[in-house]
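Q: Quick one: the structure is below, and I'll ask about it shortly.
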Amino acid sequence: DQQVKQNSPSLSVQEGRISILNCDYTNSMFDYFLWYKKYPAEGPTFLISISSIKDKNEDGRFTVFLNKSAKHLSLHIVPSQPGDSAVYFCAASPNYGGSQGNLIFGKGTKLSVKP
Amino acid sequence: DAGVIQSPRHEVTEMGQEVTLRCKPISGHDYLFWYRQTMMRGLELLIYFNNNVPIDDSGMPEDRFSAKMPNASFSTLKIQPSEPRDSAVYFCASSSPGQVNTEAFFGQGTRLTVV
């Protein structure tokens, strides 16, 4: 039973437009959420995170929104660029700071940004 | 820092053979994780260590899988005997608590093919 779900396996967006990647979780004990980006033949790299005490975190073109009541988070990329084409993983952790615990990953969404 | 280093990058082996995957975490990180990525299940946590001690190995699929961390700078994941269904990309990651975020840093992965 997946605790972190990314229901869209793929997404195609035109360059310059907004990309919205969605993620749902089931465990209310999760209080820290991360997005990772993965290019082919490379390991995932950290992109942006948000703690459960916030509902928005922004870093340049990337913004993550958290809706705790709906157990839903989303990653917005605007404007989208061809270099953003990659697989995006949503991850959740029951711990913030301190003891690491572990990250529970979704299956990923493959984003394709077309020129 | 060179980041998390995994070896080999690719491994092709015959069913029944022993396979050993290696990982060198980032210096100073005291958490080490082994993940497996497959199309069906995405990124799954197999086992993680804190200060060289295994904390949670509930993700290890079978007794054929074992992992060790003899010191702070080296870990191995061994599969004996290997089976075709073990074919996947295996990632090692490390992290250090006490930072503002709890992101894990991933290696480039080992692509294992069991024929």
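Q: Mind giving me the FRET efficiency for B:R85 and A:Q14? R0 is 41 Å, r the Cβ-Cβ distance, nearest 0.05 is fine. Don't skip to the end; give the middle numbers.
A: Details: r = 39 Å, r/R0 = 0.96.
Using R0 = 41 Å, I get an efficiency of 0.55.
Q: Additional query: Over chain B, what relative contact order in percent results from Cα pairs under 8 Å that are six or more residues apart?
A: The normalised contact order for chain B reaches 37 percent.
Q: Another one. Would you order B:M60, B:M15 from fewest to most other beta-carbon atoms within 10 Å of each residue's own beta-carbon?
A: Working: B:M60 18, B:M15 12.
If I rank by nearby Cβ atoms, fewest first, I get B:M15, B:M60.
Q: Please identify every one of the GluC sites (Glu not before Pro) in the stretch B:22-115 that sits in a loop by DSSP and has no more than 14 other beta carbons within 10 Å of its own beta carbon. Working shown, then result.
A: On the way: sites: B:E44, B:E62, B:E103; in loops: B:E62, B:E103.
Passing sites in the stretch B:22-115 are B:E62.
Q: Would you mind calculating the relative contact order of the stretch A:13-115 from Cα pairs under 8 angstrom and at least 6 residues apart, reporting the percent as a whole number? Can you show the working numbers first?
A: Numbers: 228 pairs, mean separation 35.8, N = 103.
Dividing the mean separation by the residue count of the stretch A:13-115 yields 35 percent.
Q: A follow-up question, please. About the Cα centre, and with charges only on the beta carbon of Lys, Arg (+1) and Asp, Glu (-1), how big is the dipole of chain B? Nearest 20 debye, please. Intermediate results must be reported in sequence, preceding the final value.
A: Details: 10 positive and 13 negative charges, 46 e Å.
Taking the Cα centre of chain B as origin, the dipole is about 220 debye.
Q: Let me ask you something else. What's the local net charge at B:Y48, with K and R +1, D and E -1, over the other residues with C-beta under 15 Å away?
A: Details: positive: B:R36, B:K68; negative: B:D30, B:E44, B:D56, B:D57, B:E103.
With Lys, Arg at +1 and Asp, Glu at -1, the net is -3.
Q: Another question, if that's okay. Report the local net charge at A:V4: Lys and Arg +1, Asp and Glu -1, summed over other residues whose C-beta lies under 14 Å from its C-beta.
A: Details: positive: A:K5, A:K71, A:K107, B:R41; negative: A:D1, A:D24, A:D31, B:E44.
My count for the surroundings of A:V4 gives 0.
Q: Further question: Measuring from a point 7 Å past the Cα of A:V78 along Cα-to-C-beta, which residues in the stretch A:9-46 have an amide N at less than 18 Å?
A: What the label zone holds, given the 18 Å backbone N cut-off, is A:12-23.
Q: So which GluC sites (Glu not before Pro) in the stretch B:10-39 end up in coil per DSSP with only 16 or fewer other C-beta atoms within 10 Å?
A: B:E14, B:E18
Laboratory data are not the source of any read-out in this text; all were calculated from the coordinates shown. Since we're looking at a predicted model, the values are computed, not measured. No Cβ is skipped: glycine too gets one built from the backbone with ideal geometry, and neighbour counts run over all protein chains shown.
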